[in-house]
Each structure stands twice: as structure tokens, then as C-alpha cells.
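**Student:** Below: one structure in C-alpha cells.
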Amino acid sequence: MTGLRLAEMMRGIDKFKAMPIATIRVSNMTRAKETAEIIAAHLPDYIERADPDPLLNEGIPAQIIPFRSELRIEEDLAKNGARIERAFGKYFHRSTDEVSTKDHPNRHDKHEVEIIVCHGNVIRFFFCRALQLPPEAWLRMSTFNCSLTYLMVKPSGTVSCRMMGDIGHLGYGNSTFSMDHGFVP
């Protein structure tokens, strides 16, 4: 359903312009790679499929404020926080390169989209960092499985959120968070 939704967004409908998807990026974790394959099956073959990137793997990205001692995140944070911050720096920046449209039919000089398939902690952290919110707020929001978050980075460096954790394409019966179905765990 997520692949179908992205394909629809790529084609554009009515007043919504086509979304020029150029690349699918994915973490190196099995579930994310499987999800990326399912999504890619609904998109044209010319869309670049980047190699899995372990920088995008799940982990604890930042401290939690207010602190929750029952979560015992210190070891995971020490192991993964800097890595996830590097992933943010790698994928969230304004483009200064000229985009080549000659060999890639979905690359545009003015706008292109990259899909990043990864896990909720990383997505929520990227959301906070991109919008210049305290990164420690990452755990105050939830994202459902197969939700869509759309962040736009403009050439000026301005970032805006078009959607966060959208699951309208899934319907209530297919909405899951971790191992729970529906909205109430």
C-alpha cells in the first residue's frame, strides 16, 4: 500500500504535481530492505536504488528529555547516537550540485525526491533535527509502520514538513506500531 501511494504521488493527480522520485535509500536492516523492495516494485525501474546504508540502521539517536530511567538507553545511545547524527548530515542538506537530467528521466533541475526507508527512531530524530527542534524530543512522537514523512529542503536551506507519519493510505485495519494493531497499544 505504501508503494502504491508513492507511485500515485510520483504520477501526480489533479492539482498535485508529479513528485520526481530519483532515489530509494534504505538502512541495512532486513525489515527495511524487505520494505524497500516491496515499495520499489511499484515504482519505475529507472529510479536509482542505492546500496543499503548501515548509517540508517535503527538505534537510540539522542538523549530523552524528560529523562526516563526505566528505558536504560545509555549503552544504545553511546553505540548509535553519533552514527545516526552522521546519517542526518549525509542525507539532509541543500543541494549545491547541478543535477544531471540527461541520463535519468526522473531527475529535475529544480526538484527531486529521495525515499529513505528506515525505522521509527531514526525518522523521528531526522524530523527533529531537520526542523531545528530539540533532538531530545524524538521520543515524544510516534510513527506507524509504513507511514510517510515528507520533509522538503529548499535550495535556501529552509526545511518544511509536508507530512509526518501519514498512514491514510493504509486504512485503520492495516495500521500497526511495533507489534500492535490500531491506534491503542
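**Student:** Can you find a residue in segment 133-156 that is surrounded by fewer than 16 Cβ atoms within 10 Å (Cβ to Cβ), aromatic (Phe, Trp, Tyr), at pLDDT 90 or above and within 14 Å of the chain's Cα centre (by Cα)?
**Tutor:** yes
**Student:** Another question, then. Take the residues of segment 24-51 that are among the hydroxyl-bearing types (Ser, Thr, Tyr) and within 24 Å of residue 92 (Cβ to Cβ): which is modelled with the highest pLDDT?
**Tutor:** Filtering segment 24-51 down to residues among the hydroxyl-bearing types (Ser, Thr, Tyr) leaves 27, 30, 35, 46.
Filter once more, keeping what is within 24 Å of residue 92 (Cβ to Cβ): 27, 35.
Working: 27: 98, 35: 95.
The extreme case among them is 27.
**Student:** Of all residues being closer than 14 Å to residue 150 by Cβ and not in a loop (DSSP other than H, G, I, E, B) in segment 1-23, which is modelled with the lowest pLDDT? Just the residue, please.
**Tutor:** 16
**Student:** When only residues in segment 110-132 that are more than 19 Å from residue 26 (Cβ to Cβ) and charged (D, E, K, R) count, which is surrounded by the most Cβ atoms within 10 Å (Cβ to Cβ)?
**Tutor:** Only one residue fits best here, namely 129.
**Student:** Next up: For segment 24-67, which positions are assigned to a loop (DSSP other than H, G, I, E, B) and either free of Cβ contacts under 8 Å to residues at least 12 places away in the same chain or polar (S, T, N, Q) (or both)?
**Tutor:** 28, 45, 51, 57, 63, 66, 67
**Student:** Picking from 50, 78, 82, 87, which residue would you name as being touching a strand residue (DSSP E or B) at 6+ places or on another chain (Cβ under 6 Å), over 23 Å from residue 167 (Cβ atoms) and not basic (Lys, Arg)?
**Tutor:** Details: 78 fails: touching a strand residue (DSSP E or B) at 6+ places or on another chain (Cβ under 6 Å); 82 fails: touching a strand residue (DSSP E or B) at 6+ places or on another chain (Cβ under 6 Å); 87 fails: touching a strand residue (DSSP E or B) at 6+ places or on another chain (Cβ under 6 Å).
Just one listed residue meets the conditions, 50.
The values are calculated or read from the model by the stated rules, or taken from the named source; none is laboratory data. For clarity, every value in this text was computed on a predicted model and none was experimentally measured. Every residue, glycine among them, receives a Cβ derived from its backbone with ideal geometry; neighbour counts consider all protein chains shown.
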